[in-house]
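Have a look at this one before I ask anything.
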Amino acid sequence: MGEVRVVTDNEFETTVKDNDWVLVDFWAPWCSPCKALGPVLAQVADERELIIAKVDTDSNPMNAGRLGVRGIPAMFLYKNGQLVSQKSGAMPKAAVLQWVDEHMTADDF
């Protein structure tokens, strides 16, 4: 199904633009809610046809700053390079799937 990728600031634009659905996860290694969200997003990637792009804001702060990220974890959902929706904070798997499913159609799964 989907895939989890570690993405740097330099890879951000091409990752978002060159893939159909991308969920960008801005996180940091010291962030407990971010650590809790990581396995949830891996499960989501197993169930939906999308890329989970994990951006460590400590070593790659440029795009988080450009997008106005004030707290992490912060998730940004893109379709064909266009921002569709965003959420912040850790969420259980069911809530993440519900959020993603609000924007994807059955053909996208």
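The values are calculated or read from the model by the stated rules, or taken from the named source; none is laboratory data. Just so we're clear, the structure is a prediction, and the values are computed from it rather than from any experiment.
Just give me the residues in the range 1-13 being at pLDDT below 95 and either assigned to a strand (DSSP E or B) or not aliphatic (A, V, I, L, M) (or both), in sequence order.
The answer is GLY2, and nothing else.
Please state which one of VAL55, VAL69, VAL84, VAL16 is assigned to a loop (DSSP other than H, G, I, E, B) and of a type in the set (A, V, I, L, M).
Answer to the selection: VAL69.
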